[in-house]
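The values are calculated or read from the model by the stated rules, or taken from the named source; none is laboratory data. Just so it is clear, the model here is predicted, and its values are computed rather than measured. We place every Cβ from the backbone using ideal geometry, glycine too, and count neighbours over all the protein chains shown. Note: accessible area is taken over every heavy atom of the protein model, side chains too, but ligands, DNA and RNA are not part of it. Shrake-Rupley method; radii C 1.70, N 1.55, O 1.52, S 1.80 Å.
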Amino acid sequence: MKVLLKNGTVVNVFTGELEKTNVLMDGSVIAGVGEYTDSEADVVRDVKDKYICPGFIDGHLHIESTMLLPPELARVCVPHGTTAVVTDPHEIANVCGVKGIEFMLEASENIPMTVYVMLPSCVPATRFDESGAVLTAAELEKFYGHPRVLGLAEVMNYPGVIAGEPGIMDKIRSAREKGFTVNGHAPLLSGKDLDRYIAAGIYDDHECSSADEAKERIRKGQRIMVRQGTAARNLSDLLPLFEEPWAHRCLLVTDDKHPADLLNNGHIDDMIRTAVSAGRDPVTCIRMATLWAAEAFGLKRIGAVAPGYTADLLVLHDLEHVVAAQVYKNGEIVAENGAMTAKLPTMPGNGLMKEMCNTFHIRELTPDDFTLHYSGKKNCRVMKLVKGQLITEELITEIDFDKDNGADISRDIAKIAVWERHRNTGHCGLGFISGLGMKTGAIASSVSHDSHNLIVAGVKETDMALAANTVRAMGGGCTVVKDGEVLCKMPLPVAGLMTAGAAADIASQNESLRKCVHRLGVPEGVEPFMTTAFVSLPVIPHLKMTTCGLVDVDAQKRVDLTVG
């Protein structure tokens, strides 16, 4: 069927021009842009005073972080104009291995949002991680033949690349030999180390937290993914990149974003609105979210309103608010005026799904499991959070273990524990964290990047044990506990990361968790669950807590809690 959109203004992502013209779609392909008439189409839609642009592409997203399965994620994102995402399923792969990748590919079939996949490079991320699986280059090989697989996902083990470790280098070499893209992940890397990392074949990075850091990488040939997620909110610091000569080497990504944020604020459209409100050109923003994203992954005939391109289009009310009146996927309307109109597939209750829901293996924990067996005053390493960033600083300060076993709410020092939950090894890292603002109670979650062990933060050992056991009983999820009472919980039974429920329901639970943490003293503006999810990832500087204990990320070695 031929559909004509007439009297609209096309955003030309090749030139940056705005063209008042018509667009003719023939099935799933754009047949032409120009002076087409009503007689040449089966259906004519007048879009006078509106703008026509390509569908938005999220260039780097962990679907697991949205806590939603792909069909439900599409229900949320498509009405906001997202017609494609590039996902790295390393969260579920760290829990379930190869079967986790197979599950995500299966779950993302036949939905009105193309889910491209980058194969996980780091399962586990480093030798300090205890994940549920270990994936080698050989085990990834079979996936490269899948039509939606685009390459190798973020290479987080940058120390391994710099050192030339065989395991990670084999994965990079395999992808490059097939002509695939290799994504990067190397926060704060610079100079000769950055040169060596890029020379290994790393094409981009999404971890830049400053414009100067990003510009060095662009000058050295990398593309930059400008990220705005729930915890890592780098857009404001990277606004200088929205100007040339930088912009054409950039794309927009969300990386890790909670469902409440997606429902309340939007997706890539929200990033564009934020940049436009800061004075950036909306056409440049749209180019970053469409053509330049497609080019970064070598996608052909996607990301533009032009003859022969896939008819993934948006009809926008204006370029200031970036609200989609209509969303077309393969030439068909799939969302209109903020609501999904396309039918979504249901997830089968097959054996693979059942395996994804049986991943929590850990004994019941006690308050003593969260007790540090020291006495007196000792100088200790404390993880200090950096607001709006995933990096942490190392704070060395005196801890009095005779007072609340070291937790000190007067100095914003709480306890942090990471328990191995895949094989019931009993391994646990236990120490201190600063910056949560917690004054009582505890929180616990099975979402802790990237090995997704059980992470617990709190100031009372009894509450920490209750929080941990609540998550254990749910088979994964998040909870808030105060004075022996479970205030709120959110089950995530699919690999301990996601739910098969509706987006509105999980977003409501997500919001309830956020509100409940304020009853523990956590101040407004702090999202402790997304924040603590990253304090166990030993590839983001500077100090992290793992099941093996504290890790100095810069030196890539374990360090003692006490100093001297």
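Of note:
- Checking each residue in the range 5-25 for being part of a strand (DSSP E or B), farther than 12 Å from Val315 by Cβ and open to solvent by 70 Å² or more (accessible area, probe 1.4 Å) picks out Leu18, Lys20.
- Residue match in the range 341-355 (condition: touching a helix residue (DSSP H, G or I) at 6+ places or on another chain (Cβ under 6 Å), closer than 27 Å to Gly525 by Cα and not in a helix (DSSP H, G or I)): no
- Enumeration of residues in the range 377-399 that are open to solvent by 30 Å² or more (accessible area, probe 1.4 Å) and either among the polar types (S, T, N, Q) or in a strand (DSSP E or B) (or both): Lys377, Lys378, Asn379, Arg381, Lys384, Leu385, Gln389, Glu393, Glu394, Leu395, Ile396, Glu398
- Subset of the range 354-376 (residues that are of a type in the set (D, E, K, R), open to solvent by 60 Å² or more (accessible area, probe 1.4 Å) and either within 19 Å of Ser445 (Cβ to Cβ) or over 31 Å from the mean Cα position of the chain (by Cα) (or both)): Arg363, Glu364, Asp368
- Every pair of residues 6+ apart whose Cβ atoms lie under 6 Å, when the first sits in the range 160-174 and is open to solvent by 10 Å² or more (accessible area, probe 1.4 Å) and in a helix (DSSP H, G or I) while the second is at pLDDT 95 or above and basic (Lys, Arg): Ile162/Arg196
- Candidate set: the range 181-208, residues that are in a loop (DSSP other than H, G, I, E, B), touching a residue at least 60 places away in the same chain (Cβ under 8 Å) and in contact with a strand residue (DSSP E or B) (Cβ under 9 Å, 6 or more places away or on another chain); chosen: the one most open to solvent (accessible area, probe 1.4 Å): Tyr203
- Any strands (runs of 3 or more DSSP E) falling wholly within the range 445-564 and containing at least 1 residues that are open to solvent by 10 Å² or more (accessible area, probe 1.4 Å): 477-482, 485-491, 549-552, 557-559
- Residue in the range 42-68 that is most open to solvent (accessible area, probe 1.4 Å), counting only those that are touching a helix residue (DSSP H, G or I) at 6+ places or on another chain (Cβ under 8 Å) and in a strand (DSSP E or B): Val44
- Taking the criterion of being in contact with a strand residue (DSSP E or B) (Cβ under 8 Å, 6 or more places away or on another chain) and without any contact (Cβ under 8 Å) to a residue 60 or more places away in the chain, the residues of the range 130-159 that qualify are Leu140, Phe143, Tyr144, His146, Arg148, Val149, Leu152, Val155.
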